[in-house]
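Enquirer: Handing you this structure, nothing more for now.
Values quoted throughout were computed directly from the atomic coordinates according to the rules given, and no laboratory measurement underlies them. Bear in mind the structure is a predicted one, so any value in this text is a computation, not a measurement.
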Amino acid sequence: MAMDMTLRRISAADADKGFRHVVSGFSGERSGVESECFLGREWEVLEQILLTQGPEEISELPITMGDLLGDDDLGTACFYLPPDEVTVAARFLAAVDVERSVAEHADEIAGTFRHGDVPDGYLEILGRYLKHVRDLYTAADQAGEGVAKLVQG
């Protein structure tokens, strides 16, 4: 089953209020804004791109790493990356050349599509998503916030 992922900046105090409180704070808007970033099903491709850009323990931070806040046993789970790890992730993302990273994976990405044809504009979309992720982490780091990761499927 394919899962969608959304990232959101949150305070440590909000994280302490638990799973239901954090999940209720997600807007559900599918736009890349400074406080919330919808990655859809592309989060898996984005993670594969990032994993080649640095040591695994750091390159996993922006997308999949974090403490499990909880899940509802119905396909929704939420993870939390605390502010100190957000700082590490933000520094890592600032050093990633988004266009080059996506271009380096074009052939690999093409292999995931029928007949190896990447849809027009898809690589640009991946680049935009990575920039949104970078911007969200930069803003969270500057504000001393953590990042919540909502996975739904």
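Enquirer: Of (1) 33; (2) 27; (3) 17, which is the value of percent of Cα pairs over 28 Å apart derived from the coordinates here?
Expert: Here percent of Cα pairs over 28 Å apart agrees with entry (3).
Enquirer: Under the rule of -39500 (n - 2.57) per DSSP H run of 4 or more residues, summed and divided by the residues of the chain, what mean residue ellipticity at 222 nm is obtained, to the nearest 500 deg cm²/dmol?
Expert: Helices in the chain give a 222 nm mean residue ellipticity of -13000 deg cm²/dmol.
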